[in-house]
Amino acid sequence: MAEIGLRERKKRQTYQNVSDIAIGLFLAKGFDAVSVAEVAAAAGISKPTLFRYFPAKEDLVLHRFADHEDEAARVVRAARAGVGAGTGVSPVDALRRQFLDGLSREDPVTGLNGAPGVLAFHGLLYGTPSLVARAYEYQQRSEAALAGALGGTLAARLAAGQIIAVQRILAQENWRRIAAGETVDAVRGDAVVAAEEAFGQLEAGLPWLRDMGLTKLTE
């Protein structure tokens with residue numbers, strides 16, 4: 001992969017810095033109590049400049065998920081490439097392995113993370129209606145990207161909706177239990193079992209993904 005240019009690196013760093021400053025303010029004062037102008041001032045940029053980076057106030061928070069938006073689609077495409085090389089697995093199995101790997105690493109996106117900052121961030125996200133609504137738009141884009149990787153048919157769109165929903169519900173359950181006071185170690189075993197069962201149900205309910213050769217899927 002070509003090295004990212006200096007301009008692109010600086011742009012990404014600006015996105016990250018502004019988002020981190022905004023989230024710090026939101027956690028300290030509440031999402032609705034902080035204005036975009038206040039975020040811009042704290043970040044040392046103008047309000048119009050901030051909106052060039054983040055079209056909506058909610059995007060300042062959802063930026064943390066930016067790299068994950070097409071992650072499921074990327075996992076499926078990599079699995080497809082592996083089939084061509086003789087090392088691939090089914091889409092659902094590839095996504096199952098990815099989620100289990102995330103659990104083993106305590107990736108915040110799986111909900112299995114007890115760091116105070118992570119718990120506070122998820123509390124902010126799930127406790128703010130406008131952020132929940134914006135997150136739904138994010139999930140729709142994730143579904144669309146995954147559906148495209150699965151072939152773009154109606155069946156692919158239905159499958160993508162189920163898969164993204166499973167990932168979301170599993171993550172929310174892990175976060176809910178840890179936020180309620182359980183330790184990561186206490187939740188980990190159940191989280192693995194729940195993920196195995198959930199992806200097993202997806203595999204059983206979507207036999208065309210299990211049986212269909214990924215090399216036949218549309219790019």
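The values are calculated or read from the model by the stated rules, or taken from the named source; none is laboratory data. Values in this document were obtained by computation on a predicted structure and should not be read as measured data. When we count neighbours, we look across all protein chains shown, and the Cβ atoms used for this are built from the backbone with ideal geometry, even at glycine. Surface areas here come from the heavy atoms of the whole protein model, side chains and all, with no ligands, DNA or RNA. Shrake-Rupley method; radii C 1.70, N 1.55, O 1.52, S 1.80 Å.
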**Message:** What are the equivalent ellipsoid semi-axes of the chain, built from the alpha-carbon gyration tensor (square roots of five times its eigenvalues), in whole angstrom, biggest first?
**Reply:** 33, 22, 15
**Prompt:** Where the accessible area of the chain is counted over protein heavy atoms with a 1.4 Å probe, how much of it, in %, is carbon and sulfur?
**Reply:** 55
**Item:** Gain in span if fully extended, Ala204 to Arg168, counting 0.36 nm per residue against the direct Cα distance
**Value:** 11.0 nm
**Asked** Nearest 10 degrees, 0 to 90: what angle lies between the long axis of helix 71-84 and the longest principal axis of the chain (Cα atoms)?
**Response** 30
**Item:** Nearby aspartates and glutamates by direct alpha-carbon distance to Lys11 (threshold 18 angstrom, same-chain neighbours under 8 apart not counted)
**Value:** Glu3, Asp20, Asp59, Asp67
**Prompt:** Rg(Cα) of segment 131-192 divided by 2.2 N^0.38 Å?
**Reply:** 1.38
**Request:** Any chance you could give the angle, 0 to 90 degrees and rounded to 10, that helix 6-29 forms with the longest Cα principal axis of the chain?
**Result:** 70
**Asked** Taking a probe of 1.4 Å, how large is the accessible area per residue of the chain, in Å²?
**Response** 52
**Per DSSP, loop GluC sites (Glu not before Pro) in segment 1-60 with at most 13 further Cβ within 10 Å** = Glu3
**Fill in**
Cα extents of segment 47-168 per principal axis, largest first, Å, are 50, 32, 25
**Asked** Taking Cα centroids, how far is segment 88-106 from segment 8-24 in Å?
**Response** 29
**Message:** I need the phi-derived Karplus couplings for segment 122-138: 6.51 cos²θ - 1.76 cosθ + 1.60, θ = phi - 60°, integer Hz, Gly and Pro marked x.
**Reply:** 5, x, 4, 4, 6, x, 10, x, 5, 6, 4, 5, 5, 5, 4, 5, 4
